[in-house]
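For reference, the structure is listed below as structure tokens.
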């Protein structure tokens, strides 16, 4: 029988006219009922001809309300709050029409007089009946079409507006076999109260008693980002994972589809959501004034950092932006993206290699940039250990070309993107970036050019190409193992937008020759990061997914630094941005004379990985 009803519900859709007629029948029936009630069911006091006349006079107003608000258009089986409001609005028009009939038309036709009490009671009773019929049909549809399967008990963290919306959409989605057994909220004023039939618990009670007792399998964090800090979110997630409870989160309203919350955008908490910090406050006015109507160039424009710099630059309305990159496919993909996001931005794309001095000279001559953001570099430590020539040719040679050409073409600002691996470098990539820093500083100090040379130095960025988080995610998706190089290894992280904000801001804080640092926050132990990512995926570390140590790679450090041993920092107008106080260097000093011929023993000496002996680079980089 249930299958037949389910089949009938799925196939039958009442025509709009039938729904409209049904509504009018309900309205008329309630009108007669209220009249009988008004006269204590004494039919002798009611003239059927007057009743028929009153209903005929009021019908056009109810039809007008139906025409204006279309309450018959919605699918009754899927009635929502919007449909309820529409029904009430349409019915209100009809009731106002009855008042008009009773007060105005009855002066000409006495039989049209209707007691005010009848009109008022009729409005409320008939509106409630119309809504009740729709909700009953909705209830029966859900009951008949729902499958008899065990539901998963969940709790919603946050009993505010977002939490209530989350409960509503979760309950309305028949695909989700969820049973909301309670809210959790940090606000003591809400503890012990009930909202929409669900009790609100304090965190200690929820985690200590309710979650184990009701076998809660999942917690949905439903708090607007404006009302929860990253630190508090981390604490909630950690507590959930301690109890082996899965964690999902409602995204910020800006990510809702057409302003509506839907269950398919309630996703598992991502590790990036927990590692970020409150955004630094950037002086957008100063950056905007500095970039507006300027000609800007970004090298490495298709990379993780370069492409985000371009996206942020587009919001400041420069005269033109030139993107330079040798990665043709990545540059093409970015071109397609920016055409959609910033159709009016004057963007120019050049496939070129920064080590090709002649080509870059022609590009600068053509576009005459006033600001250059130099983000072009090789950055993968293990790969550069095996390819030291390319690391030096591209990172050092490319930076030298761009710095020299910036001076030659009268560029006003040259902002170089560096890395924390340039501090006390132990690998080829870090050493090459330190050489870049030294060369840029030497040009700024020796030549005293018009160009202001500025360096930004920061740590790992979340989600960049080849970074640890995407690697771990792929390993988890494949079933493991997750590989780490050492259980004690520690890294600092920041988001790509944060890094690019620093780059843009540094260009207008600096006067030339500075190295700017960013407060990277708390260090993250990579082993803990791997464990948390596995747990957030609904799996158990070392049980479902193994974690394997592979040993430190050549040139890799256990700890990254932002300052060299003899460097200190001094503050800037922004509390999260510092400038390194660099010890003076004599850039005029002649290089060491007897270092061997290109084919002599000195140049043949290599580490076991093929990288140059550290003495070759450390002599220049860490003096």
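Annotation: the residues 546, 273, 186, sorted from fewest to most other C-beta atoms within 10 Å of their own C-beta, follow the order 546, 186, 273.
Ordering 73, 433 from the fewest to the most neighbouring beta carbons within 10 Å gives 73, 433. Would you work out if the range 152-269 is rounded, prolate or oblate? Take a ≥ b ≥ c from the square roots of the eigenvalues of the alpha-carbon gyration tensor; rounded if a/c is under 1.5, else prolate when a/b is larger than b/c, oblate otherwise. Taking the square roots of the gyration eigenvalues as a ≥ b ≥ c, the range 152-269 is rounded. Entry note, the range 409-536: relative contact order of 30 percent, from Cα contacts under 8 Å with a spacing of 6+ residues.
Would the range 421-527 count as rounded, prolate or oblate if I go by the C-alpha gyration tensor, calling it rounded below 1.5 in a/c and otherwise prolate when a/b exceeds b/c, oblate otherwise? It comes out prolate by the Cα gyration axes. Cβ crowding within 10 Å, taken as a proxy for footprinting-reagent exposure, orders 304, 467, 418 from fewest neighbours to most as 467, 304, 418.
With a ≥ b ≥ c taken as the square roots of the eigenvalues of the C-alpha gyration tensor of the range 323-384, please select rounded if a/c is under 1.5 and otherwise prolate if a/b is larger than b/c or oblate if it is not? Verdict is oblate for the range 323-384.
Computed from the coordinates by the stated procedures, all read-outs in this text should not be read as laboratory data. Keep in mind the model is a prediction, meaning the values are calculated, not measured. No Cβ is skipped: glycine too gets one built from the backbone with ideal geometry, and neighbour counts run over all protein chains shown.
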